[in-house]
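Remarks on the structure that follows.
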Amino acid sequence: MIASGNVPSSSLELHSNLHNNIAYHFISQLQNFIAEMGCVESKLVATIKYRRVEKDLDKKVAEALKERTKSKKKTFRSVNSITMGLPRFKEGLRNIRDVFDQYDEDSNGTIDNEELRNCLNKLQVQMSEEEIDNIHRYCDIDNRKGIQFPEFVVFLCLMYLLFGSDVTYRVSEFESARLNYVFDELIDAFLFFDKDGNGKMKRKDVTQRMNEATHQERTPSHITSQLFKEMDLNKNGHVNLKEFLLSIIRWAGVETDDDEARNETSP
């Protein structure tokens, strides 16, 4: 028999190993938890920073739009006049494809951060490194870490709005007048819907514009709701200029026709 109070050494070792294993497992789990919280915190900080950047850029665009309304007469007076303009938009924007291909140096279908720097250099747009990063992310609407052709059109249009016609002249000396005309019409189409002039198109704006200046039946609410839903890409309840531009490009079929043409010429 074992005397009372005496514990075999094997039992002590087993108890010690069990204690060490539990302690190791706990510390390991704690370290993983801290690492995960660090990643979550990092992502949260990045998200907050991006939202702040997007808000600042939206504000600059809204201010430029407001200045534009003071100095320029309205181009469009009805939704039909905008719809009739889609073929013109399509034809004018098609010419930007060669410009996009020029800056897509590795021909992978997207313009990365470095390629955008080269583009802005050519356009002689003065921006800091941080501002370039911000505009790149702002125009990378689908978050694929690169600006694709429709987003590049949005980028050029925003540069035209913010920095003037010198931008389009440096894009293409021979096509600058046509690009100015197309960008003017695209921006004016947005302003037609943006009744408050604050750079944010609302659902009620779309509904009102779709139903005014017409003697026919009102457009069904489910159609205007669907139209707004297609434009409100980030689902925040309003549509800014970049979302509107991307929607117009899609509706005009610029990207679709261009892809079909490329497929026909590819071996």
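Quick rundown of the values:
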| item | result |
| --- | --- |
| Net length gained if the chain between Arg178 and Ile223 were fully extended (0.36 nm per residue, minus Cα distance) | 12.9 nm |
| Share of carbon and sulfur in the accessible heavy-atom surface of the range 49-256 [1.4 Å probe, %] | 47 percent |
| Packing-based ranking, highest mean first, of 102-112, 178-188 given that Cβ atoms within 10 Å are counted | 178-188, 102-112 |
| Area projected by the alpha carbon convex hull of the range 107-147, averaged over all directions, nm² | 2.8 nm² |
| Whether the range 140-194 is rounded, prolate or oblate, judged on the alpha carbon gyration tensor where a/c under 1.5 counts as rounded | oblate |
| FRET efficiency for Glu114 and Asn143, using Cβ-Cβ distance with R0 set to 22 Å, rounded to 0.05 | 0.75 |
| Label-to-label distance, nm, for residues given as Leu86 and Arg68 (7 Å Cα→Cβ offset) | 2.1 nm |
| Positive-end residue of Leu120, Gly92, Met210, charge dipole of the range 63-215 with Cβ unit charges | Met210 |
| In range of the label at Asn211: residues from the range 78-119 whose backbone nitrogen is under 17 Å from the point 7 Å along Cα→Cβ | 79-80 |
| Pair-distance profile P(r), taking every C-alpha pair of the range 49-256, with 10 angstrom steps and integer % | 8, 35, 38, 16, 3, 0 |
| Per-residue HN-Hα couplings for the range 131-143 [Karplus 6.51, -1.76, 1.60; θ = phi - 60°; Hz; x = Gly/Pro] | 5, 5, 4, 5, 5, 5, 5, 4, 8, 7, 5, 8, 6 |
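The values are calculated or read from the model by the stated rules, or taken from the named source; none is laboratory data. Everything numeric in this text was worked out from a predicted model, so none of it was measured. In this analysis, Cβ positions are derived from the backbone assuming ideal geometry, glycine residues included, and neighbour counts consider all displayed protein chains. Surface accessibility is based on the protein's heavy atoms, side chains included, excluding ligands, DNA and RNA. Shrake-Rupley method; radii C 1.70, N 1.55, O 1.52, S 1.80 Å.
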